[in-house]
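First up is the structure itself, then whatever we jot down about it.
What follows is calculated from the coordinates using simple rules that are stated; it is not laboratory data. None of the values given here were measured: they were computed from a predicted structure. Methodologically, a virtual Cβ is constructed for each residue, glycine included, from the backbone with ideal geometry; neighbour enumeration extends over all protein chains shown.
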2 protein chains.
Amino acid sequence: MGRGGRVRLAVALVVAALLLWAWRGSDRHGPVTSHSTRGVGAPVEGRELPLIFIGGVPRSGTTLMRAMLDAHPDVRCGQETRVVPRILQMRQHWMRSQKESVRLEQAGVSKAVLDNAIAAFCLEVIVRHGEPAPRLCNKDPLVLKMGTYVLELFPNAKFLFMVRDGRATVHSIITRKVTITGFDLTSYRQCLSKWNHAVELMYQQCKTLGPTRCLLVRYEALVLAPETTMRRVLSFLDLPWDDAVLHHERYINQPNGVALSNVERSSDQVVRPVNLDALDKWVGQIPADVRADMAELAPMLSVLGYDPWANPPRYAASPDVSPDRSPGQSPGQSPDQSPVQVPNDESPRAPHPP
Amino acid sequence: MGRGGRVRLAVALVVAALLLWAWRGSDRHGPVTSHSTRGVGAPVEGRELPLIFIGGVPRSGTTLMRAMLDAHPDVRCGQETRVVPRILQMRQHWMRSQKESVRLEQAGVSKAVLDNAIAAFCLEVIVRHGEPAPRLCNKDPLVLKMGTYVLELFPNAKFLFMVRDGRATVHSIITRKVTITGFDLTSYRQCLSKWNHAVELMYQQCKTLGPTRCLLVRYEALVLAPETTMRRVLSFLDLPWDDAVLHHERYINQPNGVALSNVERSSDQVVRPVNLDALDKWVGQIPADVRADMAELAPMLSVLGYDPWANPPRYAASPDVSPDRSPGQSPGQSPDQSPVQVPNDESPRAPHPP
């Protein structure tokens, strides 16, 4: 190449380098511009994340589920954030008042603006209260009461609805003195009624979310058939199988493991391997008059596949109950979702320790 | 250039183009990565914005001030968001409880995480509830009660503390039936007491923020000497002078103008030009027994330069009171901040309309 050619080559490279530098530099908007260049109402970054939300009435196995998922190398749930349900609840409160909704619209605080603001808050907390991971997860049990709204905020989210025999749940609430707004810890009757109301609300949410978005998981199935159940859960969540989920106790407070909170009531239980100890502690503990009114007090027991007259039911034999099961079917049939079988090689239910 | 030279030139350009494409492409992180690459605890984008916060006890001229600033081409305040003070209040509530603070820390929801989440929420609302502008502003009067916390969230923020003769403020609250939590609209006595408490809280906040961050502005000075006062305000805010701020009424509900809310109590007043009508409507309206106890009921009147025994005081003669005025000084002296003079060319106080 002659001298003229070399010059032209050099010029071309310089021009190319300048173009490169200019193009790259144009990504570096100052903050004001970045905020302003995102179209008004355009979703906050992060709302497209395929978040996992674990919910249910407290004392229904939500911590165990999130601990087992935390053991998966790709997932991080972490502790209950406490604040995510509160901000969602605040929003529900505003939206229920017609007057307030009008005031907010008049203030320019439209649904789109508010949704972005709430999503931004939730994302900051969920993303930053624990270690990063390819798949983020949140476990604040009562968030499922607002499941359909959460799906509006995070349209790629999936939900795990932890369900447990209400009698066991209430027995745990009362004996462990777990404070939950509205639950009178002196009364099994009142607590069962509250449990029924809460689980029904969440059941409706799960049903509305639909089977591709919300999976109902029974605590009893989780502890009696952990591998089968977790295979179902991971498949639902589009996560690859990993044996670590069956040995969550090995990853307590480890990096990329199961972060525990000293103030969470289930921490001292979830440090142990999956076990059957909590299945039937309630048996014989429910007052006789409450037992007599069980079906009437807590109709959701039956809906969820728990026989209100059996103390206790045979949990191992009950299949998973899918929320989209047609009303005419008995608890034994759920064609829309293959029942959780107890395989032969799983240990039979261990005798209840003293 | 020979053929070989042209080939080399082409190759160079292709290589440059490939480099360009590759480098540019590497900026396109998926959302998870973008969220994760921001260091844990690194401030949310937008927290460095030099936001303007206008606060004060409601009915103290806050809407007039924000309307006048809205008339400035570089500024946008917009309507009261209603939700910003609520989320700040929620956070104060959590932080006041030692127990709750511990629970949040245990949950990984540290101060840094929570501050980012709250800031993200506020930014979404403030930035997106109105039109973009080089300088964004928020007017939710009670936010100033949490001024020092707001400064933690937005370290480049500045605050305008609107102050007004408490007797006029309370008269406005009562006669216009403005609902404010804790104010008993049937009692001048109780309302003056509440006014005193609220204005004292905000005064302390303003004082702690300091004179470079918080400017106390008297409503009376704003309406009696609007140009002098606004020159002081714009200088404090590092904004260039613009005559439009003296004619805010020309920009009502215009693009880049003054957006009003139908449900805000001052909207029907702020559509008018700056005027003196509201200065002394309270005179003769305060019950005699309350007037007799005025200095004791509302000591902040005196602190702020309003003579508790004068009905009404000579507002035009009172200088601005700087929050950092030494306690030993009389209201007439404020060496740390040049007093607002009423220049000769300003119209004298107009007679009170019937």
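Sticking to Cα atoms, compute the Rg of segment B:161-264 to one decimal and its Dmax as the biggest Cα-Cα distance, whole number, in Å.
Rg then Dmax for segment B:161-264, in Å: 16.2, 45.
Give the share of C-alpha pairs in each 10 angstrom bin for segment A:75-159, from 0 to the last occupied bin, in whole percents, shortest bins first.
The percentages, shortest bin first, are 16, 49, 26, 8, 0.
Using a 10 Å cut-off on Cβ to Cβ distances, tally the other chain neighbours for every residue of A:72-84 and report the average as a whole number. Don't jump to the answer; show the numbers that get you there.
On the way: counts 0, 0, 0, 0, 0, 0, 3, 6, 5, 7, 7, 11, 2.
If you average over the peptide's residues, the count of other-chain Cβ atoms is 3.
Distance between the C-alpha centers of segment B:201-244 and segment A:166-217? Whole Å please.
Computed from Cα coordinates, the inter-centre distance equals 54 Å.
On average, how many beta carbons from a partner chain sit within 10 Å of the beta carbon of a residue in A:133-143?
Numbers: counts 2, 4, 1, 3, 0, 0, 0, 1, 0, 0, 0.
Mean number of neighbouring Cβ atoms from other chains: 1.
Which value in nm describes the separation of the simple spin-label points at B:Asn156 and A:Arg272, placed 7 Å from the Cα toward the beta carbon?
5.6 nm
Hey, how many Å between the Cα centroid of segment A:257-308 and the Cα centroid of segment B:114-138?
44 Å
Compute, for segment A:157-304, the length of the dipole vector about the Cα centre, with Cβ point charges of +1 (Lys, Arg) and -1 (Asp, Glu) only. Units Debye, rounded to 20.
Roughly 200 debye, rounded to the nearest 20.
Could you check the spin-label model distance between A:Asn253 and B:Asp242? Points 7 Å from the Cα along Cα→Cβ, value in nm.
The two pseudo-label positions are separated by 5.8 nm.
Dipole magnitude of segment B:44-104 about its Cα centre, charges +1 at Lys/Arg Cβ and -1 at Asp/Glu Cβ only, in debye to the nearest 20? Spell out each step's value before the answer.
On the way: 10 positive and 6 negative charges, 90 e Å.
For this selection, approximately 440 debye.
Given R₀ = 30 Å, FRET efficiency for B:Arg314-B:Thr208 by Cβ-Cβ distance, to 0.05? Each step should come with its number before you reach the end.
Details: r = 31 Å, r/R0 = 1.02.
So, using R0 = 30 Å, E works out to roughly 0.45.
Under a cut-off of 24 Å between alpha-carbon atoms, report the lysines in cross-link reach of A:Lys194, not counting same-chain residues fewer than 8 places apart.
Excluding near neighbours in sequence, the set is A:Lys139, A:Lys145, A:Lys177, A:Lys207, A:Lys281.
Fully extended, how many nm does the chain gain between A:Glu100 and A:Asp289 (0.36 nm per residue separation, minus their Cα-Cα distance)?
Answer, rounded to one decimal: 63.6 nm.
Efficiency by 1/(1 + (r/R0)^6): what FRET value for B:Ala10 and A:Asp74, r their Cβ-Cβ distance, R0 = 56 Å, to the nearest 0.05?
Taking R0 as 56 Å, the efficiency between B:Ala10 and A:Asp74 is 0.80.
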